[in-house]
Amino acid sequence: MREAFYGATRFDQFARRVGITDAVASARLKELTEAGIFTKVPYQEPGQRVRYEYLLTDMGRDLFPVVMSLMQWGNEHLQPDGPPLTVTDTSRNPIRVGVVTGERETLGPDDVEVRVTRRSS
């Protein structure tokens, strides 16, 4: 997932960037496609056979804050020498992932209530 958010769309990009075998990359991409996270789209380079790109679906793009939250957590708690990557907006302002209200007030766990809206049968 992370690599898709970094711009990877082709099989070899996923396998090479993550450092996994072709068999593992194939299995993971198949699982993510079957789950609706990716869609396979054919492409063809001139003189080459048809291949496929793996593009994020709306469901996949909705995982962006989850992936960024995990990266932020890892940078803060698992990187004693500082984060290996810096995440910024396109103007190069640092970003943080958080839980916010409609007025963009940042909330912590003590500021949130969870209520049942539907009873299971």
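Details
- Qualifying residue in the range 35-52 (condition: over 16 Å from the mean Cα position of the chain (by Cα) and touching a residue at least 40 places away in the same chain (Cβ under 8 Å)): yes
- Residue within the range 96-104 that is out of contact with any helix residue (DSSP H, G or I) (no Cβ under 7 Å at 6 or more places or on another chain), touching a residue at least 12 places away in the same chain (Cβ under 8 Å) and under 25 Å from Arg2 (Cα atoms) present: yes
Read-outs throughout are calculated quantities, based only on the coordinates presented, and are distinct from any laboratory measurement. Bear in mind that the values here come from a model prediction, so they are computed numbers and not experimental data. Cβ: placed from backbone, ideal geometry, glycine included. Neighbour counts: every protein chain shown.
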